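The values are calculated or read from the model by the stated rules, or taken from the named source; none is laboratory data. Just so it is clear, the structure is predicted and the values come from calculations on it, not from any experiment. A quick note on method: Cβ atoms are made from the backbone with ideal geometry, for glycine too, and the neighbour counts reach across all protein chains shown.
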Amino acid sequence: MADDTNGRRPRGRSGNAAETRDALMRVGARLISRHGLGVPASRIQEEADQRNKSALTYHFGSVAGLAAAIHLRHRDIVEQRRLRALEALAASESPEPSASPESNAANGDAARADLGKLVTLLVAPAAEELRTAPGRAYLRLLPQVAHLAEVRQADRPRPVGLDRTFALLRAHLADRGLEDVDERLALLAQMHATAFADRARRIDEMDVPDVDLAPGHDHFVRLLTGMLTAALTAD
């Protein structure tokens, strides 16, 4: 690509396709999360410093397609955290080789009874996204785009860690003899997404450095986990 007379590449045309995608995703996450899917593609391209008017369409097809790509990028990050948490939970609940059968059975009952641990598998991995501006943009965006066909398509194959977590929750609730398990889990997912979107919005409105968020982070995770756990078993 030719340089201009000052030895610079033309604005909005520098870098490669990956850099263009990253710029569009970074700006798109911020704008879509704050203004919804109605934000014009032209505004995203302008703020991403892309002079090519077809850049967004070329890389993502549409604003909805861009939102799906943003969702998938962050979903995969959260998914890796959740898989590690599932492995840690499984290791912590493995019976000791020297333990008696009676002790193993009691430990298994206690693990199944600890619904809070299972809800933590849902909450804690996503909560880490609150620590950065891109992560908060993703959390604010998620409730707006979860219904989109583009996002549903991006979710194939389904995230293993998330599905395993909901399978454990479903089994736990069924073991307790609770009715309307699917309805409870659907409400859990909705409340989870809404709570994180609201928390991310409030942090952004505070306009404080990310390092200043640490003191309240763990408290929020405990509070949300406790409230969701109680909601799952409500009469």
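I'm told L37 meets every condition in (1) modelled with pLDDT under 90; (2) under 20 Å from the mean Cα position of the chain (by Cα) except one. Can you identify the failing condition by its number?
(1)
In segment 150-187, how many are under 18 Å from L66 (Cβ atoms), touching a residue at least 12 places away in the same chain (Cβ under 8 Å) and not in a loop (DSSP other than H, G, I, E, B)?
Counting residues in segment 150-187 that are under 18 Å from L66 (Cβ atoms), touching a residue at least 12 places away in the same chain (Cβ under 8 Å) and not in a loop (DSSP other than H, G, I, E, B) gives 4.
Please state which one of A90, A67, A29 is assigned to a helix (DSSP H, G or I) and more than 21 Å from R152 (Cβ to Cβ).
Working: A67 fails: more than 21 Å from R152 (Cβ to Cβ); A29 fails: more than 21 Å from R152 (Cβ to Cβ).
None of the other options fit; the residue is A90.
Looking only at segment 50-72, how many residues end up being closer than 19 Å to N16 by Cα and either buried (at least 16 other Cβ atoms within 10 Å of the Cβ) or of a type outside the set (D, E, K, R) (or both)?
Here is the first cut: in segment 50-72, the ones closer than 19 Å to N16 by Cα are 50-61, 66, 69-70.
Right, trim to either buried (at least 16 other Cβ atoms within 10 Å of the Cβ) or of a type outside the set (D, E, K, R) (or both) and you get 50, 52, 54-61, 66, 69-70.
Total meeting the criteria: 13.
Could we say that H217 is modelled with pLDDT under 90, in contact with a helix residue (DSSP H, G or I) (Cβ under 9 Å, 6 or more places away or on another chain) and not in a loop (DSSP other than H, G, I, E, B) here?
On the way: modelled with pLDDT under 90: yes; in contact with a helix residue (DSSP H, G or I) (Cβ under 9 Å, 6 or more places away or on another chain): yes; not in a loop (DSSP other than H, G, I, E, B): yes.
In short, yes.
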